[in-house]
1. What's the Cα-based Rg to Rh of segment 61-141, Rh via Kirkwood?
2. Can you pick out the pairs among LYS120/LYS387; LYS251/LYS351; LYS385/LYS410; LYS120/LYS446 whose Cα atoms lie more than 29 Å from each other?
3. With θ taken as phi - 60° and the coefficients 6.51, -1.76 and 1.60, list the Karplus ³J(HN,Hα) couplings across segment 299-316 in order, rounded to whole Hz; mark glycine and proline as x.
4. Could you give each residue of segment 82-89 its phi-based ³J(HN,Hα) in whole Hz, using Karplus coefficients 6.51, -1.76, 1.60 with θ = phi - 60°, and x for Gly or Pro?
5. List the cysteines in the chain whose Cβ has no other cysteine Cβ under 4.7 Å from it.
6. Would you mind estimating how fast the chain diffuses translationally, via Stokes-Einstein at 25 °C and 0.890 mPa s with the Kirkwood radius over Cα pairs, in µm²/s?
7. What are the principal axis extents of the Cα atoms in segment 134-266, in Å, biggest first?
8. List the lysines whose Cα sits under 26 Å from the Cα of LYS3, skipping any in the same chain fewer than 8 residues away.
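Since every read-out is calculated from the coordinates, none of them should be taken as a lab result. Because the structure is a prediction, the values reported are computed rather than measured. Quick reminder, even Gly has a Cβ in these numbers, built from the backbone with ideal geometry, and neighbours come from all protein chains shown.
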Amino acid sequence: MDKKIKQIMELIREQDIKMVDFKMVDINGQYRHVTIPAKNFSEEVMKNGIGFDASNYGYAVVEKSDMVFIPDPDTAMVDPFSDIPTLTMTGNAMIIDYPENRPLPQYPRNIVLAAEQYMKDLGVADTMLILPEFEFYLFDNVTWNIGPDAIVATTDAVQAHYNSGVEGTGNIVPKQKNYHIAKPFDVSYEARSEMCMLMEEAGIKINYHHPEVGASGQFEIEPMLGKMSEMADATMLIKYIIHNTARKYGKSATFMPKPVMGEAGSGMHVHMLLMKDGEPVFSDDNGYAHLSREAHYFMGGLLKHISSLCAITNPSTNSFKRLVPGFEAPVTVGYATSNRSAVIRIPAYAKEPSLRRFELRNPDATCNPYLCYAAILMAGLDGIKNKIDPHENGWGPYDVNLFHLSDEEKAKLSHLPTSLDQALDALESDYEYLTAGGVFPESLIKNFIATKREECRALNAIPHPAEFDKYYNL
């Protein structure tokens, strides 16, 4: 018996596990799961997997072979949110072929692994480290209704400024003044601390958590740098922990980029750096912001493909309600040091050569993290392959606050797409960098575009409450 499988069997006995849960990922980046009684778990299950229909997960599978989900023993953990003792793990989707199974190319976890292998084959680096920042809102109550008689959504956070006239504790946070606010105003401190403790127990190292700007209940949890493929798994687990812990505390968590009008939006800024043979690829004491030519070329690739990337990194119509001026959200195609108005920011505090990096500020957590991180890597590698210099292309560095430029100067800048439809247009005409090395199947990209087009069409057909304010009495 395989050593890792043997260890899982021992864990099941020691913890008196009753159920074994297999978590899979659909095209939107949401967990699906299948559970079996622990008494049915065996080495054969780990090796032969669990059969499933990939088309029901949103993948336009062109292969006729049966699909199986093969669990990854390295991801096994006791689920802290199951009252019945449950062991859970994720893994990869495979196509049943003989004599050996092969990875299902459309499955997101396989795409991340393929992107990492492509990076190694190019000889650019052997490891990509990333650090996503998780911004989210915690509401005490949320409702919505979309029907012929009502089109409405409501949110409520007890400490929000709009509750100042409601009888309560008086612990009200002024609008846009929640950043790092302390108790008694920080009413979800214990919930977030428990979230972080559960993440640490799951093997995810955490830097910190804190209140964010939005006074209607916005917060942030930041993990430490991790290997891209492992951080994709961790991203799914972090969201799972946040959602379920919020529920335990009688709250609801959302990663919607713009759930509250007039408050700060929630992004998922992604810090990144490359390593080769244990040495940093992005560090150079003589380069701008102490970054190497490879780092600049990587940024150049991201900026060249940023419009098409947005379809994958910001794949909701709500995403583009966050990407507007005035809320520290990036809207300009460019790079700079310590400048939050450019889509790429180089943090000045990352002084150690092994930590020199930059962050892409447009992504948000409505993305499928596997597709998002793999697409970011592929765009950057395209920049290195083709020596795309961001300065020579006029993308910076912008070491001024871009929001404060004159209208004439602003007119010279390039901007991110302003809608998901625009981002999909860009992806439709610019996706070859994703299919390089066979990493992203063209069939997946086309299916993704078609799925999102239908999503946009359906949402655009729904009357908006604000339209009543504008047009009802005309």
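1. 1.09
2. Violating the 29 Å limit, Cα to Cα: LYS251/LYS351; LYS385/LYS410.
3. 4, x, x, 4, 6, 4, 9, 4, 5, 6, 4, 4, 5, 9, 7, 9, x, 10
4. For segment 82-89, the Karplus curve yields 9, 5, 7, x, 10, 9, 10, 7 Hz.
5. Among the cysteines of the chain, those whose Cβ sits 4.7 Å or more from every other are CYS196, CYS310, CYS456.
6. 104 µm²/s
7. 46, 40, 25
8. Straight-distance partners of LYS3: LYS18, LYS23, LYS39, LYS47, LYS205, LYS227.
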